[in-house]
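Data block below; observations after.
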Amino acid sequence: MNSKYKIIRRGYKVIELGAAPGGWSQVVVEVMGRQGRLIALDLLECEPLNSVQFIRGDCNSYSVKEELFEKLGSTRVDVVLSDMAPNISGIALKDEASSIHLAETALDFSRNYLKKDGTLVLKLFEYPDTIQFIKTMKTMFCEVIRTKPAASRAESREFYVVARGFGI
């Protein structure tokens, strides 16, 4: 996805939500190089990677926000990546609500940590309310692109949104 959309560049500052098990973190570190900075957050423990600062916890919790402030101060980041996904229950209404809630969490998080003209990439699942959520994103970003990586199964409801130009 990065080769197509040029989301991460050398020297970027990035926060990754839902970082476990660490696959995206490896890609981000490789692309951004030594001058970049990655802070990875997850409820689960993550494999330690060189040059990744890991915070275990909920991105909405006071303790995580406090730790982010210690690491960033008032600095905002170039990119927020969210690979957060709900535990699928098989109950469509519950799964939809969980999926949208996590996407809204990532969007709200971005309001506080993403710099002007920054990029948010988040995972979504195809449900009726997804369309309205994407419309909301379009009021906050210059460009909102829906994409399904080649690695995703064709029958999967999963897709990603690349939202660029934060702060319109």
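The values are calculated or read from the model by the stated rules, or taken from the named source; none is laboratory data. Everything numeric here is computed off the predicted structure, so don't read it as measured data. In this analysis, Cβ positions are derived from the backbone assuming ideal geometry, glycine residues included, and neighbour counts consider all displayed protein chains.
What the table below lists for this structure:
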read-out: Considering residues of region 148-168 that are farther than 14 Å from residue 83 by Cβ and in contact with a strand residue (DSSP E or B) (Cβ under 7 Å, 6 or more places away or on another chain) only, the residue modelled with the lowest pLDDT; value: 168
read-out: Yes/no for residue 35 being modelled with pLDDT under 95, more than 11 Å from the chain's Cα centre (by Cα) and outside any helix (DSSP H, G or I); value: yes
read-out: Identity of the residue in region 46-56, over 15 Å from the mean Cα position of the chain (by Cα) and more than 17 Å from residue 85 (Cβ to Cβ), that ends up surrounded by the fewest Cβ atoms within 10 Å (Cβ to Cβ); value: 50
read-out: Test: residue in region 98-114 that is modelled with pLDDT of 90 or more and not in a helix (DSSP H, G or I); value: yes
read-out: Check on residue 40, in contact with a Leu (Cβ under 7 Å, 6 or more places away or on another chain), in contact (Cβ under 8 Å) with a residue 12 or more places away in the chain and either of a type in the set (Gly, Ala, Ser) or assigned to a helix (DSSP H, G or I) (or both); value: no
read-out: Filter result for residue 119 (of a type in the set (Ser, Thr, Tyr), surrounded by 14 or more Cβ atoms within 10 Å (Cβ to Cβ) and outside any helix (DSSP H, G or I)); value: yes
read-out: Residue count, region 58-87 (criterion: over 15 Å from the mean Cα position of the chain (by Cα), without any contact (Cβ under 8 Å) to a residue 40 or more places away in the chain and part of a loop (DSSP other than H, G, I, E, B)); value: 4
read-out: Options 82, 110, 99; residue that is touching a helix residue (DSSP H, G or I) at 6+ places or on another chain (Cβ under 6 Å), among the hydroxyl-bearing types (Ser, Thr, Tyr) and surrounded by 18 or more Cβ atoms within 10 Å (Cβ to Cβ); value: 82
read-out: Test for residue 14: is it under 22 Å from residue 133 (Cα atoms), crowded, with 18+ Cβ neighbours inside 10 Å and at pLDDT 95 or above; value: no
read-out: Selected residue (criterion: farthest from residue 84 (Cα to Cα)) from residues of region 1-32 that are in contact with a Phe, Trp or Tyr (Cβ under 8 Å, 6 or more places away or on another chain) and part of a loop (DSSP other than H, G, I, E, B); value: 1
read-out: Matching residues in region 130-142 - criterion: being loosely packed, with under 14 Cβ neighbours inside 10 Å and not in a helix (DSSP H, G or I); value: 139, 142
read-out: Scope region 123-168; condition touching a residue at least 60 places away in the same chain (Cβ under 8 Å) and closer than 22 Å to residue 20 by Cβ; matching residues; value: 123, 149, 158, 160, 162
